[in-house]
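Heads up: the structure comes next, in structure tokens.
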Amino acid sequence: MVEENKKSFPISDDENVREQQFRRAVSSFEGIILSQIEMKNKLAVRLNYSIVAGILILGMIAISILILLLTLSSQVNRMNAVVTDMNHNFTQVADQMTAMKSYVGSMETRVAQLNEIRDYTSIMDSEMEFVSSDMDDMLNRISGIGENVHGVRTKVDSISNTVDRMDFEVVRMRYDMKDMARPSRTLNKMFPFLD
């Protein structure tokens, strides 16, 4: 039909030029659109790679934080066990101190009895057997106090050992935290944009 129109109506040179300009404009427009689509595709591929790299980096950071939290949890559990042991030792020391207080009160009672005996010098000879038995009782109680003092000393040594173990655990936890922070510092050096 167009050919029939061309045959029936001859196209002038001016219209020929316009048609060629129109075709060139359409082809250049098509080239611009295709180049923009290609550029957008390249940018989308780069963006996908960047997102994957970011997800991998965030995953590594999350794993490092998880390991650090697990290490801190185990260290806190160890410290909790040490503190519980210390509380048990302090309770035993308090019990020993209560026993020592009762022994000292008993000794004060015996000493008060000795002061009363001194006031009754006239009947001292008849009361010497009672004094001797009281002295034996006092010696037994003093030996009991010595045993309790030895027990208290043992508990204090145990507390000192427990405190030394807790200091060792704290120092080891500090080194563990430095070791756990090393991957994060390495990642920070590799990817400074994370700051």
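The values are calculated or read from the model by the stated rules, or taken from the named source; none is laboratory data. Since we're looking at a predicted model, the values are computed, not measured. Counting neighbours? That spans all protein chains shown, and the Cβs are built from the backbone with ideal geometry, glycine included. Note: accessible area is taken over every heavy atom of the protein model, side chains too, but ligands, DNA and RNA are not part of it. Shrake-Rupley method; radii C 1.70, N 1.55, O 1.52, S 1.80 Å.
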Any idea which residue in segment 172-195 is farthest from residue 76 (Cα to Cα), counting only those that are open to solvent by 60 Å² or more (accessible area, probe 1.4 Å) and aliphatic (A, V, I, L, M)?
-> 190
Looking only at segment 67-97, which residues are open to solvent by 90 Å² or more (accessible area, probe 1.4 Å) and closer than 23 Å to residue 176 by Cα?
-> 69, 70, 77, 78, 80
Enumeration of residues in segment 146-168 that are over 30 Å from residue 104 (Cβ atoms) and either surrounded by 15 or more Cβ atoms within 10 Å (Cβ to Cβ) or among the basic types (Lys, Arg) (or both) = 165, 166
Residue 129 being in a helix (DSSP H, G or I), touching a residue at least 40 places away in the same chain (Cβ under 8 Å) and either in contact with a Lys or Arg (Cβ under 8 Å, 6 or more places away or on another chain) or over 25 Å from residue 91 (Cβ atoms) (or both) | no
Here the qualifying pairs (Cβ atoms under 7 Å; residues six or more apart or on different chains; first in segment 93-111 and over 17 Å from residue 159 (Cβ atoms); second open to solvent by 60 Å² or more (accessible area, probe 1.4 Å)) come out as 103/141; 106/141; 107/141
Within segment 54-66, residues being open to solvent by less than 100 Å² (accessible area, probe 1.4 Å) and either in contact with a helix residue (DSSP H, G or I) (Cβ under 6 Å, 6 or more places away or on another chain) or farther than 17 Å from residue 184 by Cβ (or both) number 1
Name the pairs: first residue in segment 65-83 and within 15 Å of residue 172 (Cα to Cα), second residue hydroxyl-bearing (Ser, Thr, Tyr) and assigned to a helix (DSSP H, G or I), Cβ to Cβ under 8 Å, at least 6 apart or on different chains?
-> 82/162
Considering only segment 156-170, how many residues are in contact (Cβ under 8 Å) with a residue 60 or more places away in the chain and under 19 Å from residue 91 (Cα atoms)?
-> 6
Within the bounds of segment 99-119, is there any residue that is polar (S, T, N, Q), modelled with pLDDT of 85 or more and either open to solvent by 60 Å² or more (accessible area, probe 1.4 Å) or assigned to a helix (DSSP H, G or I) (or both)?
-> yes
Would it be correct to say that residue 68 is in a helix (DSSP H, G or I), under 27 Å from residue 165 (Cα atoms) and at pLDDT 90 or above?
-> yes
